[in-house]
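First the structure, in the form of structure tokens, and then the observations on it.
Throughout, read-outs are computed from the coordinates displayed, never taken from laboratory work. Keep in mind that what you see is a predicted model, and the values were worked out from it rather than measured. Because the Cβ atoms are built from the backbone with ideal geometry, glycine has one as well, and the counts that use them run over all protein chains shown.
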Ligand code: 5AD
Ligand code: SF4
């Protein structure tokens, strides 16, 4: 019995798919297989923007023929889109061959649902919120030497464009001790880079332990490893956190701090609860306190009523905040959110023209910053071998991907690389022997 998991969306989902894999293995599935040979296909979906949904719809629809040929194959659809109001019914109507639908709050129930499917024609199980903070699923990790660990689930922020609070529920923080136990075990097992995950890690709170305190404890675990975290919300990003980042070498000096817009009026309409000036102040504090630190961000263009001038404020923010890279998105109305009901939706052509200009600006910044690496020596955590390029690859602390040739397999090792050439966020170089 083999499984195949198709994952859409963010890192949170990628990690959740590791948990789904772990649950399937516990339930007796032996390993992964190509989709045509799998006994169960699980779609772990995303609904953050319309194109994420269209993608999933397309790929689920494409299974109709295969399912006709292989009647015993189970098709399960879970994740954010399955959890979205009214979507389960729509999915079943569009794709009557789906066997199981499960939501974001009951992933751990999947083996049970598979069992129920033996007796029932179709199984749909969605919960309104998660009852337990611990999900009880042991992830089957395939990303060595990197490991992702949830610290919070859900979100309370209700940014007006965002569907996440509706499909992921209210924010819940895992117990610090549970997180630390999991991390100690990962470091013990040889993982070298830990990324703490939450929709808004900065609002983590378990009794007395807030996020800076948790991070301090995480980075105090013995061993050689790196710590990253995402995502940070600018409104909760604090001087205490900067102090902890400064204190520990293990914590990478790269901060993903989504700005979303450079216009204070748009930020207010987005319910982000900071202004352009406040954002820039926090960015400046971070860079002042930690020399050489870098900032990345998320930016949305075409939010309802965004004027040309306000868009240009986002363009100028890229320069002013000096982002080393950015994810850029065209605003996508999501049913049920406040922004979807707002007057002044922006025509697609306008948004497309804006995002093209924004991408150009971001790429220009990325290029300039990458050029600055040439001639420098960086520490790379080797994570894979690129067959096509014939080179090993891995990230440096500030998030750039380094490529290099090596005689021996160095996956999972920290190596030093001299950068010879830069291309976008990729750096090409040669290994430096530790004792040369
Ligand atoms: N339209 C476009 N982008 C969105 N994001 C969230 N919701 C939407 C939406 N409705 C973006 C934000 C967020 C990132 C994960 O996705 O920039 O930070
Ligand atoms: Fe969505 Fe805002 Fe929560 Fe991020 S902080 S998940 S953008 S509601």
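Values as computed for the structure displayed
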item	result
Centre separation in Å (Cα based) which lies between the stretch 97-122 and the stretch 252-273	38 Å
Computed E for residue 68/residue 409 - FRET, C-beta separation, R0 51 angstrom, nearest 0.05	0.70
Theoretical gain in end-to-end length, residue 305 to residue 112 [0.36 nm per residue, Cα-Cα removed]	64.8 nm
Modelled FRET efficiency - R0 35 Å, residue 177 with residue 51, Cβ distances, 0.05 increments	0.30
Cα gyration tensor shape of the stretch 83-180, rounded if a/c is under 1.5, else prolate or oblate by comparing a/b with b/c	oblate
Cα centroid separation - the stretch 161-195 against the stretch 318-341, whole Å	25 Å
Sorted by Cβ neighbour density within 10 Å, fewest at the top, the residues 349, 341, 320, 310	349, 341, 320, 310
Gain on full stretching of the segment that runs from residue 26 to residue 11 - 0.36 nm per residue minus C-alpha separation	3.1 nm
Kirkwood Rh in Å, taken over the chain so that all alpha-carbon pairs contribute	23.2 Å
Taking only Cα atoms of the stretch 143-252, radius of gyration then Dmax in Å	13.9, 42
Percent of beta bridges antiparallel (DSSP, the stretch 143-252, rounded to nearest 5)	25 percent
Cα gyration tensor category, rounded, prolate or oblate, for the stretch 1-157 with a/c compared to 1.5	rounded
Förster-model FRET efficiency, 35 Å R0, residue 289 and residue 265, C-beta, rounded to 0.05	0.75
Cα gyration tensor category, rounded, prolate or oblate, for the stretch 303-418 with a/c compared to 1.5	prolate
Residues 107, 374 arranged by fewest to most Cβ contacts within 10 Å	374, 107
Per-residue Cβ neighbour rank within 10 angstrom, fewest leading, 45, 297, 328, 377	377, 328, 297, 45
Packing rank of 209-216, 133-140, where each peptide gets the mean count of other beta carbons within 10 Å, highest leading	209-216, 133-140
Computed [θ] at 222 nm, helices only, for the chain once each DSSP H run of length n ≥ 4 contributes -39500 (n - 2.57)	-10000 deg cm²/dmol
Extension gain from residue 59 to residue 368, taking 0.36 nm per residue of separation minus the Cα-Cα distance	107.4 nm
